[in-house]
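Heads up, the thing below is written out as structure tokens.
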Amino acid sequence: MVKPIEYADASPEVRAVFDEIKAARGVPDVNNFWKYLAHHPESLRRTWDSIKEVMRPGELDALTKELIYIAVSITNGCEYCIASHTAAARKKGMSDGMLGELIAVVGMANETNRLVQGWRVPVDEAFRD
């Protein structure tokens, strides 16, 4: 069974990424996701760099990005991602009511998506670019 790589056992390359994550997030240790990615330092670095770029505030604010991340994670059935991004969204101001509405929208979108797929509904001309 693969075990997480702890900071004390990490290579200098992995420690450098761990240090960046801890500094950026103001945490004493990285979470398990990063510790498992550390088994492949190239993936660890690439994923951290991508997450920093994609999740930074831009045209969408940080909370909206976390809500989207939760929605996709629910649809993909990723328990870890649901938990970690729900915690991050709460830190950015998500309320229980917002989470409830988000889950309702995810459920409705998945239901109607399946209905459209099942019936093979063609896209209306008015919806095309």
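Readers should treat all values here as calculations from the given coordinates under stated rules, not as data from a laboratory. Here the structure is a predicted model, which means the values were calculated and not measured. So basically every Cβ, Gly included, is an ideal-geometry build from the backbone, and we count neighbours across all protein chains shown.
Residue by residue, what Karplus-based ³J(HN,Hα) values in Hz, rounded to whole numbers, does segment 21-31 have, using 6.51, -1.76 and 1.60 with θ = phi - 60° and x for Gly and Pro?
Result, ordered by residue: 5, 4, 5, 5, 9, x, 10, x, 8, 7, 7 Hz.
In whole angstrom, how far apart do the alpha carbon centroids of segment 1-25 and segment 65-129 sit?
31 Å
Students often get this wrong: which residues of segment 17-35 have the backbone nitrogen under 12 Å from the point 7 angstrom along Cα-to-C-beta of residue 2?
33-35
Which whole-Hz couplings ³J(HN,Hα) result when phi for each residue of segment 82-94 is put into the Karplus expression 6.51 cos²θ - 1.76 cosθ + 1.60, θ = phi - 60°, listed in order with x for Gly and Pro?
Running phi through 6.51 cos²θ - 1.76 cosθ + 1.60 with θ = phi - 60° gives 4, 5, 5, 7, 5, 4, 5, 5, 4, 5, 9, x, 5 Hz.
For a quick check: sort 111, 66 by the number of other beta carbons within 10 angstrom, fewest at the front.
By the 10 Å Cβ count, ascending, the order reads 111, 66.
Evaluated at 20 °C with a viscosity of 1.002 mPa s, what Stokes-Einstein diffusion coefficient in µm²/s does the chain have when Rh comes from the Kirkwood expression over alpha-carbon pairs?
For the chosen part, D equals 125 µm²/s.
Do you know the relative contact order of segment 49-129, to the nearest whole percent, from alpha carbon pairs under 8 angstrom that are 6+ apart?
Relative contact order comes out at 25 percent.
Once fully extended, how much extra length lies between residue 90 and residue 25, figured as 0.36 nm per residue of separation less the alpha-carbon to alpha-carbon distance?
Additional length available on full extension: 22.0 nm.
Give the angle, between 0 and 90 degrees and rounded to the nearest 10, that separates the Cα long axis of helix 41-55 from the longest principal axis of the Cα atoms of the chain.
That works out to roughly 50 degrees.
Given R₀ = 25 Å, what would the calculated FRET efficiency be for residue 80 paired with residue 117, taking r from the Cβ atoms and rounding to 0.05?
Here the calculated transfer efficiency is 0.40.
Are there trypsin sites (Lys or Arg not before Pro) in segment 35-129 that DSSP puts in a loop and that have at most 10 other Cβ atoms within 10 Å, and which ones?
When the trypsin sites (Lys or Arg not before Pro) of segment 35-129 are filtered for loop state and at most 10 Cβ neighbours within 10 Å, 120, 128 remain.
At a threshold of 8 angstrom on Cα-Cα distance, excluding pairs fewer than six apart, so keeping six or more, what relative contact order does segment 1-56 reach in percent?
38 percent
Return one number: the angle in degrees, 0 to 90 and rounded to the nearest 10, between the long axis of the Cα atoms of helix 62-76 and the longest principal axis of the Cα atoms of the chain.
Helix 62-76 and the main axis of the chain meet at about 80 degrees.
Could you work out [θ]222 nm for the chain from helices alone, using -39500 (n - 2.57) per DSSP H run of at least four and dividing by all its residues? Round to the nearest 500 deg cm²/dmol.
-22000 deg cm²/dmol
If I build a Gaussian network model for the chain, linking alpha-carbon pairs within less than 10 angstrom, which residue out of 70, 21, 82 has the largest mean-square fluctuation?
Result: 21 has the largest fluctuation of those listed.
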